[in-house]
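What follows is a set of notes on a single structure, which appears directly below.
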Amino acid sequence: MKKNFKAIIQIILMAAAMFALTVVSTNHVSAADTSLQRVKQRGELIMVTSPDYPPYEFQVNKHGKDQIVGMDIDVAKKVAKDLHVKLVIKSMNFDSLLVAIQTGKADMAIGGINPTAARRQSVDFSKIYYTGGQSFLINSSDVNKYKSVKNLKGAKIGAQTGTLQYGLAKKRIPNASVKGMDKSTDLVLALKTHKIDALGIEKPSAEAYVKNDPSLKMIPSGYSLNKNETGAAIAFKKGSTSLVNAVNKSIDQIKAKDLTSQYLADAGKYMKVNTVNTSMFHYWKYFAKGVEYTILISIVSTFFGVLIGVVLALMRFSKQKWLRGLAISYTEFIRGTPLMVQVLFVYFGIGVVVNIPALISGMIAVSLNSGAYVAEIIRGGINSVAKGQTEAAESLGLSKGDLMRFVILPQAFKNIWPALGNEFISLIKESSIVSIIGVTDLIYQLNIVRADTYRGVMPIFVAMLLYFIMTFALTRVLNHFEGKMKHAG
Amino acid sequence: MQDKKILEVNHLSKKFGNNEILKDINGTVKSGEVICVIGPSGAGKSTFLRCLNLLEKPTAGEVKFEGTDLTNVDEKQLINLRERMGMVFQSFNLFPNMTVIENLKLAPIRVKHMKDDEAQKVAMHLLDRVGLAEKANAYPSSLSGGQQQRVAIARALAMNPEVMLFDEPTSALDPEMVGEVLEVMNELAKEGMTMVVVTHEMGFAKEVADEVWFMADGYILERNKPVELFDNPQNERAKDFIGKIIQNV
Ligand SMILES: Nc1ncnc2c1ncn2[C@@H]1O[C@H](COP(=O)(O)OP(=O)(O)OP(=O)(O)O)[C@@H](O)[C@H]1O
Ligand SMILES: [Mg+2]
């Protein structure tokens, strides 16, 4: 259904596993399975999901409040109810779901996950609670051309990268050229703009799209498939047998009473309500929230980034060799690794030792990252101040601290102001990466709106405009201060 | 009192890597004396001057300031002694991020812990003395070279130093501005300030210097009263060098 892990996630997983190993080995490995007991003691069942996949899970605005709804959510609610505990829903990128349960961020992950053999190696699965089946979406204008799967021979077919659909289209459609993309919303857009001829997709998702968009039609895949590899199951941390068994009891009931049909119908109702008004203005609250978080993260990270940067830069000029070495290693390491990996590492890796919420993790990672870049900029600025300034100050008897504070740093900051400004602007843009751990910044909200409205381009355009407004406003503010400093000498 | 030794240099040597710039420098500067140092480019005049307040650390030898060997004191003492020696640079080195008056007040307030209004009084008095009181609130970049150098002299004087070191204070100036700076230095000398001046301004040297030292090849090759040294040099290198600067004038 959805993606497998990406290489990056695996790096993080390895790092997290190393962390976990060191932590666990000091406490001795406890063989006893306390997974169910812990949930009951806590009184809460924590689940993670990626709410951009209607009708499985998606975000709606119900009575003015954001809510995650869908078939999977109803399944989880039933499970929680049967366990007599409260359901807590956390949301993050699909890529991160399995990592989240492995690192103990949640008790279970649900999100139309196929219990494939590969995944079974790293997590435990419940019984399958739903089998959707495969289908293709095509443009309505092509109904005569593509009457059935047979007509797709040699066609351009799209599918989510790393999914079952992707592999099936490659193997079973003769001569097809298969194009992979990350988000189903992007794929639908590619279909509608005729970049692809058909889109391999889960039946319930396809049905949802067709219901909401008359320009799309669905044809059945005709694949004969092993049910075990196509159904959706709930994922748990390895060794959670007691919890899995308890959940399986609920799933047995769901299947016996065919509750998923009811759940799907309910999800469909939300989608109808939800797609009546797909104007971007209707979603202004989503965007506003995204902007709010993006600004919050940027401000906090700029502040701490500069603080860390100044400290690191001064360390570079210290007499102590080890302080210099530490600052150099830190800067080189941060600059040599992608921000995305750092964000994942802080959230999942450090998260094994202390559980830091996603927003704070994001801020920490972005601040640590920015600090390294700011340090380099400040160092350059300090070096750019003429040597004669130091000599003049020293000949007057000023101490090293006063020399830095009154003479060097003010001049350095003036010289580096444009470079610092660029750093702040790129921080606003690059902070968007925190959406992968479920921080509701502008990018995250953008994807929610896209999944919600079935409109591919407009939300992107709005987000682009909002980013531009933010960076442009900041540029003006920075220019204002630059002008002021120019005036002073 | 006239005989009190302010500076005393014994067997001073300075190497940059394997490059020995100062080989064996000896000399004494007494209270109220004005010494002019001349010599060809690269002779080590700046290096010598910078060794006097330890902006440059000597490789060997002693630099005594009022009897204390500066090469043997810790960082804190050094800073204490340094504040009593003023230095004026070829390139002025005013702090561009501060106004003229702030340039003057910074060290008295931060180093001598002077009160702001007292520092203000001292600074205004000195600016008046160098003829720049009306520029108190200007930034250095808006001043001419001559004005900047006069501010730099006032800034050094604000610490009330016992000796002033000048490193070619007029050689970065347009010719028409040299006079105003020399005039300030001239007055300073006449008021009895002890001064070591690296300069090729013969007129100035002849008028105020008690002694001129000719430096080359890492040594002071000749020292004498200015008139004697300029008009009748004994050392061959000095003869050659003075011939050249007279030609250039
Ligand atoms: N920090 C340094 N590192 C290495 N070599 C240096 C350093 N400072 C000065 N030197 C060298 O020492 C020599 C003397 O320099 P210095 O500036 O003292 O000469 P000077 O007599 O003042 O010359 P000028 O008349 O050009 O100012 C030069 O050859 C210079 O290259
Ligand atoms: Mg020089």
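Couple of notes before you dig in:
- Under 18 Å from the Cα of B:Lys135 - lysines, other chains or at least 8 residues apart: B:Lys105, B:Lys121
- Chain A: angle of helix A:409-430 to the longest principal axis, Cα-based, in degrees nearest 10: 0
- Other protein chain Cβ atoms within 10 Å, averaged over every residue that makes up B:55-61: 1
- Charge-dipole axis of region B:94-159 as Lys and Arg at +1 and Asp and Glu at -1 on Cβ define it, positive-most pick from B:Met114, B:Ala156, B:Leu132: B:Ala156
- Based on DSSP H segments of at least four residues, each scored -39500 (n - 2.57), chain A has a per-residue ellipticity at 222 nm of -18000 deg cm²/dmol.
- Efficiency of FRET from Cβ geometry, A:Lys429 and A:Ser177, R₀ 30 Å, rounded to 0.05: 0.35
- Proximal lysines relative to B:Lys76, as straight alpha-carbon distance under 17 Å, when same-chain residues fewer than 8 apart are discounted: A:Lys319, A:Lys400, B:Lys57, B:Lys64, B:Lys112
- Angle between chain B longest axis and helix B:236-248 axis [Cα atoms, degrees, rounded to 10]: 50
- Extension gain for A:Ser399 to A:Leu296 (0.36 nm times residue separation, less C-alpha to C-alpha distance): 33.3 nm.
- With a 10 Å cut-off around each Cβ of A:398-409, the average count of Cβ atoms from other chains is 3.
- Relative to the current alpha-carbon distance between A:Ser148 and A:Thr34, full extension at 0.36 nm per residue lengthens the span by 36.0 nm.
- Computed FRET value (nearest 0.05) for B:Glu183 with A:Trp284, which takes r as the C-beta separation and R₀ as 51 Å: 0.10
- The residue among A:Val449, A:Phe413, A:Gly401 whose Cα reaches farthest toward the positive pole of the charge dipole of region A:393-489, with charges on the beta-carbon of Lys, Arg, Asp and Glu, is A:Phe413.
- Model label points for B:Lys190 and A:Leu323, set 7 angstrom from Cα along the Cα-to-Cβ axis, are 5.0 nm apart.
- With a Förster radius of 25 Å applied to the C-beta separation of B:Glu236 and B:Asp210, the computed FRET efficiency comes to 0.55.
- Net length gained if the chain between A:Val457 and A:Lys77 were fully extended (0.36 nm per residue, minus Cα distance): 133.5 nm
- When you filter the trypsin sites (Lys or Arg not before Pro) in region B:95-201 for DSSP loop state and at most 14 other Cβ atoms inside 10 Å of their Cβ, you are left with B:Lys115.
- Of the cross-linked pairs A:Lys170/A:Lys238; A:Lys321/B:Lys23; A:Lys90/A:Lys238; A:Lys150/A:Lys192, those separated by over 26 Å at the C-alpha level are A:Lys170/A:Lys238; A:Lys321/B:Lys23.
- Here A:Lys249 is the anchor, and the aspartates and glutamates within straight C-alpha reach of less than 12 Å, apart from those fewer than 8 places off in the same chain, are A:Asp82.
- Extent of the protein assembly as shown along its three principal axes (Cα atoms, max minus min coordinate, largest first): 118, 59, 53 Å.
- In region B:148-249, GluC sites (Glu not before Pro) in a DSSP loop with at most 10 other beta-carbon atoms within 10 Å: B:Glu191
Just so you know, all these numbers are worked out from the coordinates, no wet-lab data involved. On a predicted model such as this, the values are computed, not experimentally measured, just so you know. Cβ coordinates were reconstructed from backbone atoms using ideal geometry, including for glycine residues, and neighbour counts include every protein chain displayed.
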